[in-house]
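To start, the structure itself, in structure tokens.
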Amino acid sequence: VLARLDDALLRHEAAAGDTVPLLHIDAQGLRRLDFAAAGALLQWLLAARARGVRTEWHGVAPLVGLLLHTVGIDQVAEVRLRQ
């Protein structure tokens, strides 16, 4: 999954040009996430942020959002819960 995010990040950076890119990620289909995967995701987000890319996660399930908050992902990415 992280490889697909890397591909999307590269395409998004190329399309953004000189502007600060904002990568929107639809998380409607994300129903579960274990702690190890959340840690790997945090590392990916930190690397994306170091490259100057901001990310927004939309449609995050409430329990997944709680885990994202617990590992600190909401400190490096915008996390929007499902309505």
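The values are calculated or read from the model by the stated rules, or taken from the named source; none is laboratory data. Keep in mind the model is a prediction, meaning the values are calculated, not measured. Cβ: placed from backbone, ideal geometry, glycine included. Neighbour counts: every protein chain shown. Quick note on the areas: whole protein, heavy atoms, side chains included, nothing else; ligands and nucleic acids left out. Shrake-Rupley method; radii C 1.70, N 1.55, O 1.52, S 1.80 Å.
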Please go through the stretch 51-83 and pick out each residue that is open to solvent by less than 60 Å² (accessible area, probe 1.4 Å), touching a helix residue (DSSP H, G or I) at 6+ places or on another chain (Cβ under 9 Å), closer than 13 Å to Q28 by Cβ and part of a strand (DSSP E or B).
W57, V60
In the set L33, L41, which member is surrounded by 13 or more Cβ atoms within 10 Å (Cβ to Cβ) and part of a helix (DSSP H, G or I)?
L41
So which of L2, L63 is touching a residue at least 40 places away in the same chain (Cβ under 8 Å) and out of contact with any strand residue (DSSP E or B) (no Cβ under 8 Å at 6 or more places or on another chain)?
L2
